[in-house]
Every structure is written in structure tokens, then in C-alpha cells.
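The block underneath contains the structure these notes are about, expressed in C-alpha cells.
The values are calculated or read from the model by the stated rules, or taken from the named source; none is laboratory data. Predicted model, so just to flag it, every value in this text is computed and none were measured. Positions of Cβ are generated from backbone atoms using ideal geometry, with glycine treated the same way; all protein chains shown enter the neighbour counts. Keep in mind that these areas ignore ligands, DNA and RNA; they rest on the heavy atoms of the full protein, side chains included. Shrake-Rupley method; radii C 1.70, N 1.55, O 1.52, S 1.80 Å.
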Amino acid sequence: IINKNGDVKKRQVQMYQKGNNKRLVKVLAPADQKGIGFLSLPDDIIYVYLPAYKKTRRIAAHVKNQKFVGTDFTYEDLEAKNYSDKWAPQSIKNEKELYMLELIPKPNVVSEYAKVNLYVRKGDYFPIKAEYFNKRGEMIKIMEIPKTEKIKKYLMPKTYLMRDLRSGNKTEMVMKEIKLDTGLGDDIFTERNLSK
């Protein structure tokens with residue numbers, strides 16, 4: 001996490017994901033945040049575990065815009081999802097090496113964002129940039145994936161960069177180790193496991 005003055009704070013997290021709609025994130029460091037957890041399940045179900053209170057609480061859809069452990073990623077940004085489940089493309093622009101899709105939330109979706117411009121590489125259909133707009137039509141954040149890597153048969157992001165245009169802060173997420181096809185069980189993605 002890099003603020004507008006260049007000061008740096010670090011977080012170390014472990015993330016588990018099954019399919020496109022189950023994700024568990026646990027903070028490993030620093031010590032004062034160790035154990036904080038985040039669980040994203042289908043149907044907009046999100047839980048947060050705060051070890052200081054020894055409590056798990058469900059996050060309501062309208063407060064998914066809260067930042068996760070001081071980063072520039074909100075709960076909504078981190079939830080496991082398929083874009084097509086929640087967003088409808090309104091227009092597609094054909095640029096030189098990219099497609100640009102203008103995404104609008106579907107009628108039943110609660111989102112902080114009124115619109116997302118998603119840039120997708122033509123060569124492999126991998127999304128490498130997203131521009132987020134608020135309800136006033138202002139661009140408030142930009143996320144980029146500057147580095148990808150093919151692991152087994154999967155193309156994976158190695159680095160995410162989220163810039164908050166309001167605060168001037170940015171968060172870089174670097175994947176140190178990626179394991180795929182490990183046969184994760186559904187028991188990992190439970191409230192009980194979140195608080196372990």
C-alpha cells in the first residue's frame with residue numbers, strides 16, 4: 001500500500017479460490033492484523049472475521065465499498081465473481097490490441113460502481129485493465145494487471161495495481177506462489193474455517 005507521499009505499508013495474505021464464486025482470504029502479516037479474514041460465496045454472500053472481537057459478521061451488499069485491511073481494494077473488488085453474472089455490456093469498442101467493454105450493473109445488482117470500462121487483450125481475451133466510475137460519472141479507481149504468467153493450462157495474473165484517484169493512494173498485489181488444481185474441498189469456504 002503506497003500513499004500519495006510514497007510511504008509504504010505491507011500486508012501478506014493467503015487466498016483460496018474454488019471455481020469463480022468461492023474465495024477465502026486470510027491475513028498472515030503484520031502481526032496486528034493477522035487472522036483477519038474475508039469469505040466470498042455465491043449470491044452476494046460475504047463474511048468478514050475480526051480476531052480482535054472474535055466475531056464473524058456478514059457484510060451487507062450496500063457496504064461492500066469498505067476497504068479491506070487498509071488497501072485500495074474493497075470487499076466488492078475482492079469478491080469471487082463472473083463479470084457476466086453481475087454486469088451487462090452496453091457497448092464494445094474495438095481498439096488496436098484491445099477490446100473495451102462498457103459494463104453496467106444488472107438491475108438486481110448492488111454496486112459502488114455505476115459503470116466499469118474493462119479492457120481485454122485480443123490475443124488471449126484476458127482482462128488487463130478496469131476503470132471504475134461512481135454514480136456521478138466520475139472515474140474513481142483504475143486497476144491494471146501489468147504482468148501475467150501461464151501456469152499449467154491457465155493464464156494467471158502475477159501483479160495487480162489498484163489506484164484510487166480520489167486519495168492518490170495505490171495498492172500493488174503481487175502473487176508470490178500460485179498452486180492450481182489442488183482439489184480444495186467446500187469445507188474450506190465456511191464461516192467456521194474463516195475464524196480458525
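Here are some notes:
Yes or no, residue by residue, for (1) open to solvent by less than 70 Å² (accessible area, probe 1.4 Å); (2) without any contact (Cβ under 8 Å) to a residue 60 or more places away in the chain; (3) under 20 Å from Phe38 (Cβ atoms); (4) part of a loop (DSSP other than H, G, I, E, B):
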| residue | (1), (2), (3), (4) |
| --- | --- |
| Lys158 | yes, yes, no, no |
| Met162 | yes, no, yes, no |
| Ser167 | yes, no, no, yes |
| Glu172 | no, no, yes, no |
| Ile178 | yes, yes, yes, yes |
| Asp181 | no, yes, no, yes |
| Leu184 | yes, no, yes, yes |
| Arg192 | no, yes, yes, no |
| Lys196 | no, yes, yes, yes |
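- Considered as a group, the residues in segment 1-32 that are assigned to a strand (DSSP E or B) and over 24 Å from Lys170 (Cβ atoms) include one that is least open to solvent (accessible area, probe 1.4 Å), and that residue is Leu24.
- Against the numbered list (1) surrounded by 17 or more Cβ atoms within 10 Å (Cβ to Cβ); (2) touching an Asp or Glu at 6+ places or on another chain (Cβ under 7 Å); (3) of a type in the set (Gly, Ala, Ser); (4) assigned to a strand (DSSP E or B), Ser91 comes up short only at (1).
- Within segment 70-84, the set of residues being free of Cβ contacts under 8 Å to residues at least 60 places away in the same chain and either part of a helix (DSSP H, G or I) or more than 14 Å from the chain's Cα centre (by Cα) (or both) comprises Tyr75, Glu76, Leu78, Tyr83, Ser84.
- Filtered residues of segment 47-73 (kept if modelled with pLDDT of 95 or more, open to solvent by less than 30 Å² (accessible area, probe 1.4 Å) and in contact with an Asp or Glu (Cβ under 7 Å, 6 or more places away or on another chain)): Asp72
- Annotation note: Cβ proximity below 6 Å between a residue of segment 52-69 that is more than 28 Å from Asn169 (Cα to Cα) and a residue that is assigned to a loop (DSSP other than H, G, I, E, B) and open to solvent by 40 Å² or more (accessible area, probe 1.4 Å) (sequence gap 6+ or interchain) occurs for Thr56/Ser195.
- Selection count, segment 125-144, where residues are outside any loop (DSSP other than H, G, I, E, B) and either among the hydrophobic types (A, V, I, L, M, F, W, C) or touching a His at 6+ places or on another chain (Cβ under 8 Å) (or both): 7
- Under the condition of being of a type in the set (A, V, I, L, M), in contact (Cβ under 8 Å) with a residue 24 or more places away in the chain and open to solvent by less than 20 Å² (accessible area, probe 1.4 Å), the residues counted in segment 98-141 number 3.
- Residue within segment 11-18 that is of a type in the set (Ser, Thr, Tyr) and within 14 Å of the chain's Cα centre (by Cα) present: yes
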